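Novice: I have a structure I would like to understand better, so I am pasting it below and will then ask my questions one at a time.
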Amino acid sequence: MMNSSSRIDLKNLTREQLVEFLAGIGKERFRSQQLMAWIYKRGVTDFDQMTDLSKDLRTTLKEKAYVSDWLPEATEVSRDGTRKYLYRLDDGETVESVRIPMDNDRATLCISSQVGCAMGCDFCLTGTFGFKRHLTAAEIVNQVCAGLKDGPLQNIVFMGMGEPLHNLDNVVRSLEILYDPAGLDYSSRKITVSTCGLVPQMAELGRRITANLAVSLNATTDEVRDRLMPINKRYPLHELMAACRVFPLPAKRRITFEYILIRDLNDAIADAKRLVKLLHGVKAKVNLIPFNEHEGAAYRCPDETTISAFQTYLLDRNIVAVRRASKGQDISAACGQLKGKLEKQQAEAQQNVSIPT
C-alpha cells in the first residue's frame with residue numbers, strides 16, 4: 001500500500017523526471033541512475049540503506065520523497081502454480097494482478113491499469129464494477145515490483161483490470177520505467193499492451209513508445225461485436241482493422257488478437273472464415289480463449305470439438321492460432337474474481353454486524 005503524503009513517490013518518475021526532481025534540490029544528474037538501481041535492481045525503499053548516497057542527500061530525500069512498496073492484501077495460489085494477488089490502494093480501492101507460470105520455469109505477470117473499467121464489455125467481470133479511476137505509473141510499476149518478490153518475470157502483459165489505452169499517459173510512463181536499463185531493464189519484446197479497440201490511442205501508442213500490441217477482438221461482425229463490446233459502436237471493425245494494418249511493428253513481430261470463444265455466439269466455422277478475411281494484410285497471431293465461466297455469467301464455454309475445429313480452420317489457412325491454456329481454474333484467476341469475492345465477503349460480514357441480535 002502506498003504511503004499517502006505530500007512527498008513525491010519516486011516510482012512515479014521516469015528517468016528524465018527523476019533528473020528534473022534532483023536538479024530541483026541541487027543534485028547531480030548521475031544520482032538518478034544510482035537511485036533507480038537501488039529502487040528497481042535491489043528493491044530498496046529505505047533511503048538510509050542507499051549507502052552510496054551522501055548523508056545530506058539521504059536527509060533531503062526523506063524530506064521531499066518516498067519510495068512506495070507493495071505487499072498483497074490477499075493471495076490465492078492454484079494447484080498449477082498460478083498466483084492471484086489483490087492490492088489495497090491508498091484510497092481503499094483494490095486492484096489485481098496474476099502471476100502465470102509458463103514452460104521452463106518462466107513466468108508472465110498480468111497487470112492492471114485502472115480501478116474498474118469504463119468500456120463495459122458484456123463478457124467482462126471487471127466491467128461490472130464500473131470505472132473508479134486510473135492507476136498512477138507507480139501503481140502500475142508496483143505490481144511488477146511486488147510480483148518479482150516471488151521470482152523472476154520474463155513477460156509483462158497489460159491485460160488485467162481496466163483498458164490500458166484509456167490511461168495512456170500513465171501506461172506510457174510506466175513502460176518508460178520498466179524499459180529503463182538503470183531500472184527493471186525489460187525489452188519491449190517482453191511487454192504487451194492490450195486494448196479493446198481505442199483506435200486514436202492505438203496510433204498514439206505507436207508514435208510514443210514501442211510495445212507489443214494485443215487487440216481484444218472477440219467477434220467477426222459488427223452486430224455481434226456491438227453486443228459484446230460497446231466500443232465497437234464508436235470504432236467499428238473496418239476502422240479497427242485499418243488501424244491494425246498501419247500500426248508500427250518492429251521486424252518479426254505480430255499483433256496478437258485475443259478471441260474469446262463463446263458458445264453459440266462467435267464459435268462457428270462461419271466466424272472462423274470471417275476472421276481469416278478480417279486478418280488479411282495484418283501480421284497477426286490469434287489467441288483463442290475459451291470463455292471463463294463465472295458466477296452470474298450470461299455466456300458459456302464451447303465444447304472441445306467446437307474449439308478444436310475453430311483452431312484447425314485457422315491453422316489450415318496459415319493463421320498462427322494458439323489456444324491459450326486455462327490457468328488457475330481452482331482459484332479466482334479471472335480479472336475481478338478475487339476482488340468480487342472479497343468485496344462480497346466484506347459486505348456479508350458488514351451485514352451480519354449490522355443485524356441486531
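The values are calculated or read from the model by the stated rules, or taken from the named source; none is laboratory data. Values in this document were obtained by computation on a predicted structure and should not be read as measured data. Please note: Cβ atoms are built from the backbone with ideal geometry, for glycine as well, and neighbour counts cover all protein chains shown.
Novice: Please go through region 252-270 and give me each residue that is among the charged types (D, E, K, R) and crowded, with 21+ Cβ neighbours inside 10 Å, ordered by number.
Specialist: If we filter region 252-270 for residues that are among the charged types (D, E, K, R), which is where we start, we get 252-254, 258, 263-264, 267.
The one that is among the charged types (D, E, K, R) and crowded, with 21+ Cβ neighbours inside 10 Å: ASP267.
Novice: A further question on this structure: Mind checking whether some residue in region 275-298 is in the same structural domain as THR192 (by TED's automatic domain parsing), among the small types (Gly, Ala, Ser) and touching an Asp or Glu at 6+ places or on another chain (Cβ under 9 Å)?
Specialist: Going through region 275-298, the residues in the same structural domain as THR192 (by TED's automatic domain parsing) turn out to be 275-298.
With the extra rule that they be among the small types (Gly, Ala, Ser), the set shrinks to 281, 284, 296-298.
This time we only want the ones that are touching an Asp or Glu at 6+ places or on another chain (Cβ under 9 Å), so: 298.
Yes: one or more hits.
Novice: Quick one: in region 28-80, of everything that is of a type in the set (Gly, Ala, Ser), out of contact with any Asp or Glu (no Cβ under 6 Å at 6 or more places or on another chain) and closer than 21 Å to CYS145 by Cα, which residue is surrounded by the most Cβ atoms within 10 Å (Cβ to Cβ)? Working first, answer last.
Specialist: Taking region 28-80 as the starting set, the residues that turn out to be of a type in the set (Gly, Ala, Ser) are 32, 37, 43, 54, 65, 68, 74, 78.
Retained after the next criterion (residues that are out of contact with any Asp or Glu (no Cβ under 6 Å at 6 or more places or on another chain)): 32, 37, 43, 54, 65, 74.
Adding the requirement that they be closer than 21 Å to CYS145 by Cα leaves 32, 37, 43, 65, 74.
On the way: SER32: 24, ALA37: 16, GLY43: 13, ALA65: 21, ALA74: 16.
Per the stated criteria, the residue is SER32.
Novice: Just for region 19-60: of the residues that are touching a residue at least 24 places away in the same chain (Cβ under 8 Å) and not in a helix (DSSP H, G or I), which one is farthest from ASP180 (Cα to Cα)?
Specialist: If we filter region 19-60 for residues that are touching a residue at least 24 places away in the same chain (Cβ under 8 Å), which is where we start, we get 21, 25, 27, 31-33, 35-37, 39-41, 43, 45, 57, 60.
Going one step further and asking which of them are not in a helix (DSSP H, G or I), we end up with 25, 27, 43, 45.
Details: ILE25: 23, LYS27: 20, GLY43: 15, THR45: 18 Å.
Looking at the filtered set, the residue picked out is ILE25.
Novice: Pairs, please: C-beta under 7 Å, at least 6 apart or cross-chain, first residue of a type in the set (Gly, Ala, Ser) and in region 226-250, second surrounded by fewer than 14 Cβ atoms within 10 Å (Cβ to Cβ) and at pLDDT 95 or above?
Specialist: From region 226-250, no pairs qualify.
Novice: Residues being assigned to a loop (DSSP other than H, G, I, E, B), within 20 Å of ILE260 (Cβ to Cβ) and within 18 Å of the chain's Cα centre (by Cα): count how many of those fall in region 65-122. It would help to see each step written out before you state the result.
Specialist: Residues of region 65-122 assigned to a loop (DSSP other than H, G, I, E, B): 67-73, 78-82, 89-93, 102, 106, 111-113, 117-122.
Going one step further and asking which of them are within 20 Å of ILE260 (Cβ to Cβ), we end up with 82, 111-113, 117-122.
Going one step further and asking which of them are within 18 Å of the chain's Cα centre (by Cα), we end up with 82, 111-113, 117-121.
Residues meeting the conditions: 9.
Novice: Can I ask one more? Checking the structure you have, find out if any residue of region 148-155 is surrounded by 22 or more Cβ atoms within 10 Å (Cβ to Cβ) and not assigned by TED's automatic domain parsing to the domain that holds PHE30. Outline the logic, then answer.
Specialist: Taking region 148-155 and keeping what is surrounded by 22 or more Cβ atoms within 10 Å (Cβ to Cβ), we get none.
Checked region 148-155: no residue is surrounded by 22 or more Cβ atoms within 10 Å (Cβ to Cβ) and not assigned by TED's automatic domain parsing to the domain that holds PHE30.
Novice: Would you pick out the residues in region 306-317 that are under 29 Å from THR126 (Cα atoms) and surrounded by fewer than 14 Cβ atoms within 10 Å (Cβ to Cβ)? Can you show your working first?
Specialist: Step one: list which residues in region 306-317 are under 29 Å from THR126 (Cα atoms), which gives 306-308, 310-311.
Within region 306-317, just SER308 meets the criteria.
One line per residue, one yes/no per condition, for (1) closer than 22 Å to ALA268 by Cα; (2) assigned to a helix (DSSP H, G or I); (3) in contact with a Cys (Cβ under 8 Å, 6 or more places away or on another chain):
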position	(1), (2), (3)
GLY197	no, no, no
PRO200	no, yes, no
LEU205	no, yes, no
THR210	no, no, no
VAL215	yes, no, yes
THR220	yes, no, no
GLU223	yes, yes, no
ASP226	yes, yes, no
ILE231	no, yes, yes
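Novice: Can you tell me which residue among GLU96, GLU76, GLU16, GLU63 is of a type outside the set (A, V, I, L, M, F, W, C) and free of Cβ contacts under 8 Å to residues at least 12 places away in the same chain? Even if it seems obvious, please write down each step before you answer.
Specialist: Values: GLU96 fails: free of Cβ contacts under 8 Å to residues at least 12 places away in the same chain; GLU76 fails: free of Cβ contacts under 8 Å to residues at least 12 places away in the same chain; GLU63 fails: free of Cβ contacts under 8 Å to residues at least 12 places away in the same chain.
Going through GLU96, GLU76, GLU16, GLU63 in turn, the sole match is GLU16.
Novice: Okay, moving on. Select from region 102-117 the residues that are surrounded by fewer than 19 Cβ atoms within 10 Å (Cβ to Cβ) and either over 12 Å from ILE156 (Cα atoms) or touching a Phe, Trp or Tyr at 6+ places or on another chain (Cβ under 8 Å) (or both) and list them in ascending order.
Specialist: Let us first name the residues in region 102-117 that are surrounded by fewer than 19 Cβ atoms within 10 Å (Cβ to Cβ), namely 102-106.
Matches in region 102-117: MET102, ASP103, ASN104, ASP105.
Novice: Right, next: Report the residue count in region 128-144 for those that are part of a helix (DSSP H, G or I) and either touching a helix residue (DSSP H, G or I) at 6+ places or on another chain (Cβ under 6 Å) or surrounded by fewer than 22 Cβ atoms within 10 Å (Cβ to Cβ) (or both).
Specialist: Residues of region 128-144 that are part of a helix (DSSP H, G or I), as a first pass: 128-129, 137-144.
This time we only want the ones that are either touching a helix residue (DSSP H, G or I) at 6+ places or on another chain (Cβ under 6 Å) or surrounded by fewer than 22 Cβ atoms within 10 Å (Cβ to Cβ) (or both), so: 128-129, 137-138, 140-141, 144.
The total comes to 7.
Novice: To continue, here is another question. If GLY281 passes every condition in (1) without any contact (Cβ under 8 Å) to a residue 40 or more places away in the chain; (2) out of contact with any helix residue (DSSP H, G or I) (no Cβ under 7 Å at 6 or more places or on another chain); (3) within 20 Å of THR221 (Cβ to Cβ) but one, which one does it miss?
Specialist: (2)
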